[in-house]
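The numbers here are math on the coordinates, done by the rules we state, and not lab data. It should be emphasised that the depicted structure is a prediction, and the values quoted were computed from it without experimental measurement. Cβ placement follows ideal geometry from the backbone for every residue including glycine, while neighbour counts extend to all protein chains displayed.
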Amino acid sequence: PKVDGGSARRRLWRVVRVGAMCLALLVLLAGAGLTALYVKFDRNISHVDIDRALGRDRPEDSPNGSLDLLVLGSDSRAGTHGAYGQHKGARADTAMIVHLNEARDAATVVSIPRDTLVDRPACERPGGGTEPARERVMFNESYSVGGPACAVKTVEELSGVRMDHYVEVDFKGFSQLVDTLGGVEVTTTQAVRDEDSDLDLAAGTHTLDGEQALALVRTRKALADGSDLGRIRLQHSFVRALARQVGGIGLLGDPRRLYEIADTTTRSVTTDSGLASASKLVGLARTLKGIDPDEMNMLTLPVALDPRDRNRVVPLDRQSREVWSALREDRPVPRNATEGSAAEPQSREGEIIAGE
């Protein structure tokens, strides 16, 4: 949608596609350009001082003008207005590295399966003390033991790519945002049933409410292989469907709805301190406004089943290096980087969301 460049009172916040889960790739900001509203929405945003927590022991920032964000989908809000850490029992169910090229006309999204075995570095515990480094642990353990800072540190050591920003999307907030948007329309190619989440969809077109959308992007039991890799592919399809729908929503004539979306969104995210203001999120949105959903290259870190534990996966060394090198050098990920990966489907058969 076009934004009126007139008076401050008429300025509208732009769409921010940062995340997600898987959304995570999509965070909507909207509202009138009144100082009081900016202050209110600023107060809504929880944030974590990643730079202070990690210090100087980080990869060098790429000099090519690209931007890299770690986007997590969690079942809790980590950090509260500068407090660093996460609530007890919080988990990171979804992790995506979002790379924006220097021209800001294309994005590469690399999902990291939560079951990936990695060497986790030593991390500061949110309550004090240090969690020793460990080899061959599940990727999502880093968030559980050390919160956002440990998740960022683990990603940077795994990839050699410095994360410029961190965005965490709260699952409850994601559900509320979908409801505020009036639901998300998807067409399923087969029946989708998951008794644990009460998800029961016949094959066909559905407008999903927030709870249904959340259940769909988190389901594993409804997938033929029941794997996290299959769930990631489903999330990629859902993100594209959501991005297309968001782009077609006419919000300019409905200030109340704009306000509701802005309020819900800012209450649903945790960011690094450098991104923790409405104006900075709007600035990020402006850099992304030209990226079409079809210009989002969405892939999963190339992995293989772990020979010692078939319920876990391990990165494929050569292919993973090609992915990380492409991000550091700000170039497209070569097609052969995903060859042989267990994350890549052999065919489109079994895909749940049509048209992707």
Taking 0.36 nm per intervening residue step and subtracting the Cα-Cα distance, what contour gain separates Ser197 from Arg308 on full extension?
36.9 nm
What number comes out for the charge environment of Asn44, summing +1 per Lys or Arg and -1 per Asp or Glu over other residues with Cβ under 9 Å away?
+1
